[in-house]
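Okay, structure first, notes after.
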Amino acid sequence: MSETAKLILHGQEIDLPVITGSENEKAIDISKLRSTTGYITLDPGFKNTGSTQSAITYLDGENGILRYRGYSIEELAENATFLEVAYLLIYGDLPNTEELAYFDESITHHTLVHENMKRFFDAFPQGAHPMGMLSSMIASLSTFYPESQASNRSVTDIEKTIHRLIAKLPTLAAQAYKHNKGLPVMYPRNDQSYCGNFLQMMFGLPTEDYEVNEVVERALNKLLILHADHEQNCSTATVRVVGSSQANLYSSVSAGIAALWGPLHGGANQAVIEMLETIRRDGGGLEKWIDKAKDKNDSFRLMGFGHRVYKNFDPRATIIKVAADEVLEALGVNDPILDIAKELEQVALNDEYFIQRGLYPNVDFYSGIIYRALGIPTDMFTVMFALGRLPGWIGQWKEMTEQSEPIGRPRQVYTGSTSRPYVSLTERG
Ligand code: CMC
């Protein structure tokens, strides 16, 4: 007999189905609760609400486990290429040689963006934040490829949209950077790897040859894999909800980029470096900052600390911390910020406030330090996160579409005025 949970409402017993996931995760299915009892459930921030059943990413926050389609993040970060991981997330399995060759070839040959898009960039003020530009540019791709929006879009149309997005996001991200700095745009190069091509578009100049540094390329590959998916986080949930209205993939991902930008989500990597810089300039001890973070009357938070689901450690942060040491050493970079970060981590990890609340460094705490060492400017950090998260957004959008999920539309408990008559402006005075 299938498991059920019992809810007692006004003395009446209601049986609710229990759903069990493949890792024995449990959920109570309340989808019929309102139609049978008139009640809804209330859960601001969806802290305890599952919005879908998904076969993409498994996350055990208590034990610091993260797996994409069953493969551990540690193994993937160590051995795979970002395109292999992208394929895995989107199609469900690691590609064989032939599948990978086709995927790689298709991505490589969609990297150019329409020349008209240059004029969009020209209209942005110099110094415009690259995330603002990127979100707009990705949404505008749908106007160049209207078949992505067609109600009768075919599987081939969807495939093309997916490949175009993966191919064009690095091009547009690098162009956003070049525009921000007032530098000439570099075109994509089809003889480079996915990461190598992005690096040459970012750092290359038409006046000189650019050689991709292998250490930098490998580090970037690892960082992108670590960010590639994270189940139903804020931006991914956004992509699924926007996509659930049958909006096209470009617009759904553009909305995801906007959601990622906030400092509580992907924008934290920029905020961490800004915080560490402030601490360095301040020159005083760390206690002051720890005290500020603990003070409920102070809006300061220790950026890069805490996570909605990880309460012991974030496995991505563990990998990134080791990688930060390796990359800085290999590139001969000595960044005082890294020492401040490590010291801050130690102080916080031994402080009761942080221990009690299960606050540990998250993926963003050390990633910015590597990005800095790679020469990536601070306001591009969240763009780097978006590059990494793209296959996750696509895989989740595809799964939502294939599962024919209903339009995302939460309920609410209304707390405003009860009915009252309209009063004319004369009477209101
Ligand atoms: N510094 C100080 N106190 C904190 C912090 C922090 N970074 N994070 C959480 N707390 C406290 C919070 O004040 C609350 O205390 P109390 O129970 O006394 O009211 C308690 O810890 C629980 O926090 P919460 O805000 O209810 O937890 P949440 O699950 O809603 O928020 C979070 C998670 C990531 C938004 C939050 O920890 C935070 O703001 N961290 C800093 C921003 C950050 O690093 N974001 C990147 C997240 S990882 C990348 C990604 O996937 O987005």
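Quick test of the membrane-span-like rule: which DSSP H helices of the chain reach at least 27 Å along their long axis (C-alpha atoms) with mean Kyte hydropathy at least -0.5? Span-like helices in the chain: 155-181, 381-402. With contacts taken as Cα pairs under 8 Å and at least 6 residues apart, the range 34-108 reaches a relative contact order of 16 percent.
What residues from the range 198-222 fall in the zone where the backbone N is under 18 Å from a label point 7 Å along the Cα-to-C-beta line of Val333? Those under the cut-off are 198-204, 211-222. Averaging Cα coordinates gives a centre for the range 90-150 and one for the range 29-84; these two points are 27 Å apart.
Would you mind classifying the chain by shape? Square roots of the alpha carbon gyration tensor eigenvalues, ordered a ≥ b ≥ c; an a/c under 1.5 is rounded, otherwise it is prolate if a/b is larger than b/c and oblate if not.
rounded
Taking +1 at the Cβ of each Lys and Arg and -1 at the Cβ of each Asp and Glu, which of Ser154, Val212, Ile166 sits farthest along the dipole of the range 144-220 towards its positive end, judged by Cα position relative to the Cα centre? Looking along the dipole axis, the top candidate is Ser154. Overall, the anisotropy analysis places the range 268-416 in the oblate class: the square-rooted eigenvalues a ≥ b ≥ c of its C-alpha gyration tensor yield a/c not less than 1.5, with a/b not exceeding b/c. Quickly estimate the mean residue ellipticity at 222 nm for the chain, helices only: each DSSP H run with n ≥ 4 gives -39500 (n - 2.57), and the total goes over all residues, rounded to 500. Helix contribution divided over all residues of the chain: -16500 deg cm²/dmol. In the range 112-229, a dipole from Cβ-located charges (positive for Lys and Arg, negative for Asp and Glu) runs towards its positive end, and of Phe144, His114, Gly196 it is Phe144 whose Cα lies farthest in that direction. Once the Cα-Cα distance is subtracted from the 0.36 nm per residue extended length, the Gln403 to Thr49 segment shows a gain of 125.6 nm. Modelled label positions at Leu425 and Tyr353, each set 7 Å beyond Cα in the direction of Cβ, lie 5.1 nm from each other.
Using R0 = 35 Å, the C-beta based FRET efficiency linking Glu287 and Glu326 works out to 0.70. Excluding same-chain neighbours fewer than eight residues apart, the lysines reachable from Lys118 by a Cα-Cα span under 24 Å are Lys160, Lys168, Lys178, Lys181.
Note on Leu94, Leu264: ascending count of other Cβ atoms within 10 Å places them as Leu264, Leu94, the fewest first.
Counting only lysines at least 8 places from Lys288 when in the same chain, those with an alpha carbon closer than 18 Å to its own are Lys296, Lys342.
The relative contact order of the chain comes to 20 percent, based on Cα pairs under 8 Å that sit 6 or more residues apart.
Place a point 7 Å from the Cα of Gln412 along the Cα-to-Cβ direction; which residues of the range 1-45 have their backbone N under 14 Å from it? Answer for this model: 43-45.
Dipole size of the chain about its Cα centre, with +1 on Lys/Arg Cβ and -1 on Asp/Glu Cβ: approximately 1820 debye, rounded to the nearest 20.
Compared with the alpha-carbon gap, the fully stretched path from Leu183 to Ala128 is longer by 18.5 nm at 0.36 nm per residue. Of all aspartates and glutamates in the structure, the ones whose alpha carbon falls short of 12 Å from that of Lys398, not counting any fewer than 8 places away in one chain, are Glu159. Below 8 Å between Cα atoms, with a sequence gap of 6+, how large is the relative contact order for the range 234-391 in percent? Relative contact order here is 29 percent. Only alpha carbons enter this Debye calculation for the range 3-108, each as an equal point scatterer, and the log10 of I(q)/I(0) it gives at q = 0.14, 0.17 Å⁻¹ is -0.74, -0.90. For the range 334-429, state which trypsin sites (Lys or Arg not before Pro) are in a DSSP loop and have at most 14 other beta carbons lying within 10 Å of their beta carbon. When the trypsin sites (Lys or Arg not before Pro) of the range 334-429 are filtered for loop state and at most 14 Cβ neighbours within 10 Å, Arg357, Arg411 remain.
Laboratory data are not the source of any read-out in this text; all were calculated from the coordinates shown. These figures come from a predicted structure and were not determined experimentally. Cβ: placed from backbone, ideal geometry, glycine included. Neighbour counts: every protein chain shown.
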